[in-house]
Amino acid sequence: MLSPHLSRFAAEVIGTFFLVVAALLSPPGLTFALVGATLLVMVVVLGPISGAHLNPAVTAGLVAARQVPWRLGLLYVLAQVIGAFLALGFGAVIGRDLPVPEPQANALWFELLGTALLVFTVTRVVLSSPPPAASALAIGVALMVGIAVAGPSSGGVLNPAIAMVLLTGNLLQGSVGLGLGYVLAPLIAGAAVGWVATTLVAANAVSDADPERVRAPN
């Protein structure tokens, strides 16, 4: 029987593997839909085990929101990177040509925007605890929208683990600095948005406790 930490580690490896396989091998016009649908499924299947982060930016956001201890967060990031590289190896074994994003001048801004949408949704879901089906749907759709919005400018990577795979496989056009930006921009966006989501919850709790708070009429 696996220990809880090992179970979570394995779940993050497996889930990230399937997510990155979907990202790398989907037909270009369907990537946003298939990756979002894959995340939705993984949240349902693996959410009860690890929370199904499958993205270092999501983990950074939940660490910033104080929902995940930083040591466990590091374990998750390691698992996610391993899962992503296993997906890259799978693509090489089956001989599929992998997509090569062509970043525009504003690519990193769109990586920030798309990641912020995803991580804000995940963090609010975790903090508000809606029904599991609603949680999975919200997170999957958020990723679909993020990829669709960012895709024309950046390729819609929105995941530092996938960015590392693209860099290692020479699948990302542009300078090394731009490639590193694909790794760092989502991490920065994730941590910042996780903090903002937590701050909103704290501010709302103070407002609810305020006797002078103006309430909506019944």
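What follows draws every value from the coordinates through simple rules; no lab data is involved. None of these values were measured; they are calculated from a predicted model. Neighbour counts run over all protein chains shown; Cβ positions are idealised from the backbone, glycine included.
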(message) Loop only by DSSP, 13 or fewer other Cβ within 10 Å of the Cβ. Give me the trypsin sites (Lys or Arg not before Pro) in region 64-141 that pass, ordered by residue number.
(response) 66, 96
(request) List, in order, the whole-Hz ³J(HN,Hα) value for each residue of region 43-52 obtained from phi through the Karplus relation with A = 6.51, B = -1.76, C = 1.60 and θ = phi - 60°; use x for Gly and Pro. (result) 5, 5, 7, 10, x, x, 8, 10, x, 6
(request) With θ set to phi - 60°, apply the Karplus curve 6.51 cos²θ - 1.76 cosθ + 1.60 along region 137-144 and write out the HN-Hα couplings as whole Hz, x wherever there is a Gly or Pro. (result) 5, 4, 5, x, 5, 4, 5, 4
(request) Quote to one decimal, in nm, the extra length available between residue 200 and residue 106 on full extension: 0.36 nm per residue of separation minus the C-alpha distance between them. (result) 31.0 nm
(request) Please check which bits of region 44-71 a label hung off residue 184 would reach, taking the label as a point 7 Å along Cα-to-C-beta and the cut-off as backbone N under 17 Å. (result) 57
(request) Starting from the amide H of residue 68, placed 1.01 Å from N in the peptide plane, find each other amide H under 5 Å away whose residue is 5 or more places distant or on another chain. (result) 63
(message) Spelling out what I want: for every residue of region 145-157, take phi, set θ = phi - 60°, compute 6.51 cos²θ - 1.76 cosθ + 1.60 (Karplus), and round to whole Hz; glycine and proline get x.
(response) 5, x, 5, 5, 6, 7, x, x, 9, 10, x, x, 6
(message) Under 5 Å between amide hydrogens, which residues at least 5 positions from residue 174 or on another chain qualify, with H placed 1.01 Å from N in the peptide plane?
(response) none
(message) Quick check: net charge around residue 79, other residues with Cβ under 10 Å of its Cβ, Lys/Arg +1 and Asp/Glu -1?
(response) 0
(request) Mind jotting down the three principal axis lengths of region 4-206 based on Cα atoms? Whole angstrom, largest first. (result) 52, 36, 29
(message) If neighbour count is taken as other Cβ atoms inside 10 Å, put 5, 53 in order from fewest to most.
(response) 5, 53
(request) Averaging over all projection directions, find the projected area of the Cα convex hull of region 26-136 and quote it in nm² with one decimal place. (result) 8.0 nm²
(request) May I ask for the net charge around residue 46, where only other residues with Cβ less than 15 Å from the Cβ of residue 46 are counted and Lys, Arg are +1 while Asp, Glu are -1? (result) 0
(message) Given an 8 Å cut-off on Cα distances and at least 6 residues of separation, report the relative contact order of region 4-206 as a percent.
(response) 31 percent
